[in-house]
Amino acid sequence: YGYRAAPLKEVYEPLGISKTFFYTFFPGKEALAIQVLCRQRTTMLERAREVVRAAPGWRAGLERVFDLFFHGSQNGVFTLELDDLQHLFRHMTPEEQREFWEGLSEFYRALLALWDIPASQQEYQLVQNMVSTLLLAYHSRLYASLPFAPDLEEETMSLQVKLIIDYLEDLHRRHGAG
């Protein structure tokens, strides 16, 4: 189940702290979830660097990083469904929302730099939108519901990832890095 369905007790008890102690640091689960998402970007970028270094080639590095992103929940990565993200945003101030998106934009800029893609602001924001949309659809299990063909969920996601990687490869070539 998503983070909203998890009782707060499942957060503080395994840590050996009281509910009161939890509330000295976070006003609620939403604040904790936002903090985890923001800190996770650094971890994901470090993992992406490791994956890219170990990959046999440029495209293979991208494919492995996308696999990490889409199957991250199997590797301890905190993932959100669309309704969870919408819930979080309703609990953020406009300043927190702005900071969240700026941090996410910086994450995507750093990823493109890791792949040696000197993209314009519009290009990295387009990549950010494409990948974020696909991540939300995948983790929300959108493709497993109607009007989609539910038995093609993984194939649909794989094709969309391939198309994003093709676009990144084109950017790489266009900017003279390839």
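If we count every other residue with Cβ under 15 angstrom of F66's Cβ, Lys/Arg +1 and Asp/Glu -1, where does the sum land?
For residues surrounding F66, the net value is -2.
What are the aspartates and glutamates whose alpha-carbon lies under 15 Å from the alpha-carbon of K162, with same-chain residues fewer than 8 places away excluded?
The qualifying aspartates and glutamates are E63, D67, E153, E154, D170.
In square nanometres and to one decimal, what's the mean projected area of the convex hull around the Cα atoms of the range 105-159? Let's see the in-between values first.
Values: hull surface 17.4 nm².
The orientation-averaged projected area of the Cα hull of the range 105-159 comes to 4.3 nm².
Can you compute the helix-only [θ] at 222 nm over the chain? Use -39500 (n - 2.57) per DSSP H run of at least 4 residues, normalise by all residues, nearest 500 deg cm²/dmol.
When only DSSP H runs of four or more count, the value is -22500 deg cm²/dmol.
Need one number: nm distance between label points at R49 and E154, each 7 Å from Cα along Cα→Cβ, rounded to one decimal.
3.2 nm
Checking the cross-link filter: which lysines have an alpha carbon closer than 22 Å to that of K9, excluding same-chain neighbours under 8 positions apart?
Straight-line reach from K9, under 22 Å: K19, K29.
Of all GluC sites (Glu not before Pro) in the range 1-75, which ones are in loop regions per DSSP and have a Cβ with at most 13 other Cβ atoms within 10 Å? Can you show the working numbers first?
Working: sites: E10, E30, E46, E50, E63; in loops: none.
Passing sites in the range 1-75 do not exist.
Can you pull the three principal axis extents for the Cα set of the chain, in Å, largest first?
56, 35, 32
Between the range 12-47 and the range 88-154, what is the C-alpha centre distance in whole Å?
Computed from Cα coordinates, the inter-centre distance equals 21 Å.
The numbers here are math on the coordinates, done by the rules we state, and not lab data. As the structure is a computational prediction, the values presented were derived from the model and not from experiment. For neighbour counting, all protein chains shown are included, and Cβ atoms are generated from backbone atoms with ideal geometry for every residue, glycine included.
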